[in-house]
Amino acid sequence: MKLYNTASRSVEEFQTLEDNFVKLYACGPTVYDYTHLGHLRKYVLDDLLVRTLRHAGYEVKHVQNVTDVGHLVSDDDVGEDKLEKEAKKYGTDAEALARRFEDYFFYSMDLLGVLRPSLSCRASDHIHAQLEMVLALEKKGLTYLIEGDGVYFDTSKIDDYGKLINQDPDLAKQVLMAQREGERVDKVVGRKNPTDFALWKLERPGENRQMVWPSPWCERSFPGWHIECSAMALEHLGEQIDIHTGGIDHINIHHSNEIAQTEAVTGKKPFSRYWVHHNHLFVEGKKMSKSLNNFYTIDDVIERAFSPKALRLLFLMSHYRSEQNFTWDSLQAAQKAYLKLARFVLNLRTSKRNSELELSDFPGAMQLHQDFFTSVENDLKTNEALTIVWELMASDLDSDVLYRLIMEFDQVLGLGLAGLTEESLLKSLQKSLDKKIIDQDFAQNLGLKQEVLQLTDLPSLIQDLIKKRQQARRDQDFTEADQLREQLKEQGYELLDLEDEQLSIRKI
Ligand code: AMP
Ligand code: ZN
């Protein structure tokens, strides 16, 4: 397995600290608003990494945090707490807001087929661990207090601060300074070095925060954002980990700070052996984000009749280190590819003989297998791995062999191919046709045989039966509804129930 490591700026051979066991920490969501497609791309790629490692035989402990306190509007330790600010806007309390958007996060992840982490941990449940870490740093003389503001980490006391940006500390500093010059944020008064960051914050007079805890510096205080990841990784994975993931936006500040404080406490280097950073999802040339208000959620995708798994396929079509530009046209292309793949898999399943086969008896299959896994295990080149899937679809190998191969590929791709049913495909085709994502020919080629009929075009006897059945369904009398569906079938009409009482009616 090969992975690009931001720390060395090169693709490296992957080696674990412990035999066959991977300690992986992933920066999780800040749960102050709806999870959008930009987030989804990041977590699909984390999921792909975990699935690829597991397929390669590693046991993976995947820890992912939930940021529900301390993440300020600016990464530079100024501004309001994102959670507190949004809670006010929604007229709710911070905790309720956090739970609501944490639920939405996992709801979105489940739809995309993202496996749940081995452990999901909330910052607000780890206040003690965070405080302990700040106290340890204070004991080592690496912190200072700015009255009325917070406890800061003195980055000038660390020789290799910013090494994730550049091994040369002077060059790293130049990058960090240039970044700060571009920002129109208030400077922190009393900060000794511009790169120093808050470990612990104190409530400001009149701020009236909802989330506060007592600390040696103030009765009403709270942890800074960066400390949570260090404290939770330390508690749940130990002093050194194998892989740390996050967006490229985290390299300069959040991850540089995590490294500085963790290595200062543990005295061990490196904190993480590999740093895996994914690039962003863009919309019309700009990063998809809440602040630019250019974001879509998974519900926007579903409302437009796209399958969440088609979105997952779209993400897999680009490499995680490249920017990806989201357009509805690109999702339309992915939906078509997904529908074709679904039809292919269902056809294979019907023609399967369930024979016991050895893949090694089929050189063509072995080649596809090797090409696919070489691609994903080479820094997660999913874009290349998918070309092997298209090749497989055009192959004339035995259907049992192909089915076995595609099912194994899907352990990594996570497109949910094993759970497909004829009915789910027909429904997707119907919805896609209704919303003009596909045309009649495309739908028919994939098995949606007849043209859809309008209720008003049908003989009145049939209309009556359909109306009766709809009423029975509304009354939850499903026996009656099923009987009426059978009667309609005898008369030559087939019904397919869509969402919101919508029906698709076809002549058989
Ligand atoms: P946040 O909830 O803002 O803390 O972000 C959680 C994760 O989502 C971070 O790793 C970000 O890098 C990532 N993220 C946010 N917006 C995007 C985007 N447009 N494309 C890809 N990843 C993103
Ligand atoms: Zn983090």
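Laboratory data are not the source of any read-out in this text; all were calculated from the coordinates shown. Because the structure is a prediction, the values reported are computed rather than measured. Methodologically, a virtual Cβ is constructed for each residue, glycine included, from the backbone with ideal geometry; neighbour enumeration extends over all protein chains shown.
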Checklist entry - Which value, in debye to the nearest 20, describes the size of the charge dipole of the chain about its Cα centre when Lys and Arg Cβ atoms bear +1, Asp and Glu Cβ atoms bear -1, and nothing else is charged? => result 560
Checklist entry - What does the convex hull of the alpha-carbon atoms of the chain project to on average, in nm²? => result 28.1
Checklist entry - Got a sec? How would Trp213, Trp200, Trp275 order by Cβ neighbour count within 10 Å, fewest to most? => result Trp213, Trp275, Trp200
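Quick one: if the Förster radius is 51 Å, what FRET efficiency do Leu455 and Glu13 give, using the C-beta to C-beta distance and rounding to 0.05? Each step should come with its number before you reach the end.
Working: r = 63 Å, r/R0 = 1.23.
Efficiency, rounded to the nearest 0.05: 0.20.
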Item to check | Mean residue ellipticity (222 nm) of the chain, computed from DSSP H runs ≥ 4 via -39,500 (n - 2.57), nearest 500 | outcome: -14000 deg cm²/dmol
Item to check | Computed FRET value (nearest 0.05) for Thr350 with Glu59, which takes r as the C-beta separation and R₀ as 41 Å | outcome: 0.70
Next on the checklist: Let me understand the stretch 208-263 better: what is its radius of gyration from the alpha carbons, and its Dmax, in angstrom?
Outcome noted: 13.6, 40
Item to check | Potential extension, Lys192-Ala136 segment - 0.36 nm per residue separation minus Cα distance | outcome: 18.1 nm
Checklist entry - To the nearest 10 degrees, how steep is helix 37-55 against the longest Cα principal axis of the chain, on a 0 to 90 scale? => result 90
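For the stretch 451-508, report the convex hull volume of the alpha-carbon atoms normalised per residue, in Å³, without decimals.
In the stretch 451-508, the Cα convex hull volume per residue is 73 Å³.
Which value, to two decimals, describes the C-alpha radius of gyration of the stretch 2-278 once divided by 2.2 N^0.38 Å? Show your work: numbers first, answer last.
Working: Rg = 18.2 Å, N = 277, 2.2 N^0.38 = 18.6 Å.
Taking the Cα Rg and dividing by 2.2 N^0.38 Å, one obtains 0.98.
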Checklist outcome for this item: Shape descriptors of the stretch 167-274 over alpha-carbon atoms, Rg and Dmax in angstrom, are 15.7, 44
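Please list the three semi-axes, largest first and in whole Å, of the ellipsoid equivalent to the stretch 263-348, using sqrt of 5 times the eigenvalues of its alpha carbon gyration tensor. Write down the numbers at each step before the final one.
Numbers: eigenvalues 217, 78, 26 Å².
Ellipsoid semi-axes (Å, largest first): 33, 20, 11.
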Checklist entry - Over the stretch 2-278, what is the percentage of antiparallel beta bridges among all DSSP beta bridges, to the nearest 5? => result 50
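Projected area of the stretch 99-224, taken from the Cα convex hull and averaged over every viewing direction, in nm²? Walk me through the intermediate numbers first.
Details: hull surface 43.5 nm².
Mean orientational projected area (the stretch 99-224, Cα hull): 10.9 nm².
Would you calculate the convex hull of the Cα atoms in the stretch 96-171 and tell me its volume per residue in Å³?
Dividing the Cα hull volume of the stretch 96-171 by its residues yields 189 Å³.
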Checklist entry - In degrees, nearest 10, range 0 to 90: what is the angle between the Cα axis of helix 399-413 and the longest Cα principal axis of the chain? => result 30
Checklist entry - Where does helix 225-237 land angle-wise versus the long Cα axis of the chain, in degrees 0 to 90, nearest 10? => result 70
Checklist outcome for this item: If R0 = 45 Å, then Lys89 and Lys269, at their Cβ-Cβ distance, give a FRET efficiency to the nearest 0.05 of 0.60
Next on the checklist: What would the Debye equation give as log₁₀ I(q)/I(0) for the stretch 303-393 at q = 0.10, 0.21 Å⁻¹, counting only Cα atoms as equal point scatterers?
Outcome noted: -0.33, -1.13
Item to check | Label-point separation in nm, Ser360 to Arg220, each point 7 Å along Cα→Cβ | outcome: 7.0
Checklist entry - Zone of Thr327 (label point 7 Å along Cα→Cβ, backbone N under 20 Å): which residues in the stretch 251-283? => result 280-283
